Amino acid sequence: MTTKPTVALVYFNAGGGHRAAAQALQALIAQQQRGWEVQLVNLFEVLDPKRRFKQLTGAAPEDFYNKRLARGWTLGMAQELKMLQRAIRFFHESIVEILQQHWLATEPDLVVSLVPNFNRALCASVHASLPGVPFATVLTDMADLPPRFWIERGQRQHIVCGTPRALAQARAAGHPDERLSLVSGMVLRPSFYDPRLADPADLVKARRALGLDPARPTGIVMFGGQGSMQMLKIAKALKGEQLILMCGHNAKLARQLQAQGSDAPHAIVGFTAQVAEHLQMADYFIGKPGPGCLSEALHLGLPVITTGGRGTMPQERYNAQWVREMGVGLVLDTMRGIGGATAEMLARLPAFQARVRELDNRAVFEVVDIFDALMKRAAGLDLPLPQFTSDSSASRAVETTGAGLGNSA
């Protein structure tokens with residue numbers, strides 16, 4: 001009896017982007033009828049199955065992070081990250097032991113990490129419990145945050161990078177090219193490759209359904225699945241501009257935006273699975289420099305206005321630099337300058353949109369092809385890993401291995 005190959009996709013719910021990438025890969029594998037079994041592995045549930053952390057503190061570990069995002073409290077996260085990393089290294093042996101038991105019980109044919117900080121333990125646990133089973137890390141950030149965030153030294157694993165910057169960092173950390181892959185961007189859900197509002201008449205109808213003027217330039221404001229209270233100030237500063245305000249799970253924010261009012265149509269949207277459709281209704285994007293938000297907007301043709309100052313989370317600061325390098329939007333120190341930036345965006349909108357159209361992100365398809373090759377090679381087939389033609393983002397981005405790229409301890 002032949003069993004299906006099993007792919008374990010490791011994620012957690014801090015921020016939502018890691019879970020979204022896992023679900024995107026799962027959806028494409030099913031869509032392509034690969035014949036694989038996909039296991040979505042919530043790392044925190046494996047490490048703490050009885051939820052003792054929540055019993056002691058009243059909240060799951062990721063809840064603290066998500067609540068800070070919703071309130072816009074991002075200062076101090078660099079110091080907190082170092083404390084977290086020290087704790088992970090202190091409990092390394094215990095974490096590896098728990099993970100080993102999980103892999104022995106589930107016996108996957110490929111283990112894929114879509115999370116940072118835990119990859120040393122994940123890699124060690126796979127090799128100790130399932131010799132010969134490949135372990136891969138797919139970065140869901142545009143670059144690493146050395147040391148010990150995504151890329152660890154001295155590990156036998158495959159690393160999938162979405163930008164030349166991340167690839168250079170992996171090389172600088174000592175990983176050979178045969179264990180590295182460069183794909184054309186961040187992993188997006190397959191639904192983003194099947195636009196539902198391609199017909200102009202459908203677009204007009206959709207805008208009207210939200211109470212928007214179909215002929216008026218429209219911005220969309222997004223700060224991830226938790227929203228952000230920063231959106232109140234943005235909406236107030238842009239009360240004369242037509243906006244779609246995506247609040248996610250933040251019902252309090254939606255109520256406050258509704259009460260605030262505006263001089264131009266402001267469509268206030270709560271949590272929805274129709275993110276791609278709402279992005280298609282807009283002409284430009286305003287939001288945090290999260291890799292998922294930026295990539296979704298750019299893939300659907302929207303230039304971006306984002307931030308890259310002291311309040312930006314450390315792991316997202318390169319994303320703002322990437323926006324500048326690519327010429328696909330405007331980067332502010334803070335959203336206090338959003339009024340002037342929006343005026344500039346509208347004045348230069350056709351030029352920005354032309355730059356955005358040069359991008360071609362096919363990462364979700366490329367990553368699944370890499371999974372296929374890794375499992376076939378592990379089964380003894382002498383196959384090369386697929387190579388992908390670098391898109392415009394790869395060819396135009398600055399690729400260096402100088403200061404700031406190394407993973408020094």
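What to note about this one:
- Output for the stretch 297-313, where each listed residue is surrounded by 23 or more Cβ atoms within 10 Å (Cβ to Cβ) and not in a loop (DSSP other than H, G, I, E, B): Ala297, Leu298, Val304, Ile305, Thr306, Thr307
- Checked against the criteria, Asp144 counts as in the same structural domain as Arg377 (by TED's automatic domain parsing) and not in a helix (DSSP H, G or I).
- Of the listed requirements (1) surrounded by 18 or more Cβ atoms within 10 Å (Cβ to Cβ); (2) farther than 19 Å from Ala20 by Cβ; (3) without any contact (Cβ under 8 Å) to a residue 40 or more places away in the chain, Pro176 misses just one: (1).
- Matching residues in the stretch 353-382 - criterion: being in contact (Cβ under 8 Å) with a residue 40 or more places away in the chain, in contact with a helix residue (DSSP H, G or I) (Cβ under 6 Å, 6 or more places away or on another chain) and not in a helix (DSSP H, G or I): Leu359, Asn361
- Some residue of the stretch 261-269 being among the hydroxyl-bearing types (Ser, Thr, Tyr) and within 25 Å of Arg216 (Cβ to Cβ): yes
- Being hydrophobic (A, V, I, L, M, F, W, C), surrounded by fewer than 21 Cβ atoms within 10 Å (Cβ to Cβ) and within 30 Å of Lys4 (Cβ to Cβ) holds for only one residue in Ala105, Ala201, Ala209, and it is Ala105.
- Counting only helices (runs of 4 or more DSSP H) that fall entirely inside the stretch 183-291 and contain at least 1 residues that are in contact with a helix residue (DSSP H, G or I) (Cβ under 6 Å, 6 or more places away or on another chain) and either under 22 Å from Pro350 (Cα atoms) or acidic (Asp, Glu) (or both), the qualifying elements are 275-280.
- Lone qualifier among Ser228, Ser191 - being over 16 Å from His278 (Cα atoms) and surrounded by 14 or more Cβ atoms within 10 Å (Cβ to Cβ): Ser228
- Count of residues meeting criterion [free of Cβ contacts under 8 Å to residues at least 40 places away in the same chain and closer than 17 Å to Ser262 by Cα] in the stretch 199-215: 0
- The lone exception for Glu316 - which of (1) over 17 Å from Glu241 (Cα atoms); (2) at pLDDT 95 or above; (3) part of a helix (DSSP H, G or I) it fails: (2)
- Every pair of residues 6+ apart whose Cβ atoms lie under 9 Å, when the first sits in the stretch 157-171 and is assigned to a strand (DSSP E or B) while the second is surrounded by 22 or more Cβ atoms within 10 Å (Cβ to Cβ) and hydroxyl-bearing (Ser, Thr, Tyr): His158/Thr137; His158/Ser181; Ile159/Thr137; Ile159/Ser181; Val160/Thr137; Val160/Ser181; Cys161/Ser181
- In the stretch 274-295, the count of residues that are surrounded by fewer than 15 Cβ atoms within 10 Å (Cβ to Cβ), assigned by TED's automatic domain parsing to the domain that holds Tyr318 and under 27 Å from Val331 (Cβ atoms) is zero.
- Selection status of Ala198, modelled with pLDDT of 95 or more and farther than 25 Å from Ala341 by Cβ: no
- Here Phe90, Phe53 are screened, and the one residue that is more than 29 Å from Gly227 (Cβ to Cβ) and either at pLDDT below 95 or not hydrophobic (A, V, I, L, M, F, W, C) (or both) is Phe90.
- Take the conditions (1) touching a Pro at 6+ places or on another chain (Cβ under 7 Å); (2) farther than 23 Å from Asn319 by Cα; Asp177 misses just one of them, which is (1).
- Of all the criteria given as (1) within 14 Å of Asp141 (Cα to Cα); (2) not in a helix (DSSP H, G or I), the one not satisfied by Gln321 is (2).
- Taking the listed residues Val183, Val204, Val221, the one that is β-branched (Val, Ile, Thr), out of contact with any Leu (no Cβ under 9 Å at 6 or more places or on another chain) and in the same structural domain as Trp322 (by TED's automatic domain parsing) is Val204, with no other qualifying.
- Close pairs (8 angstrom Cβ cut-off, 6 or more residues apart or separate chains): within 15 Å of Glu316 (Cβ to Cβ) and of a type in the set (A, V, I, L, M) in the stretch 69-95, at pLDDT below 70 and part of a helix (DSSP H, G or I) anywhere: Met77/Arg68
The values are calculated or read from the model by the stated rules, or taken from the named source; none is laboratory data. Given the structure is predicted, the values throughout are model-derived calculations rather than measurements. Every residue, glycine as well, gets a Cβ built from its backbone with ideal geometry; the counts of neighbours run over all protein chains shown.
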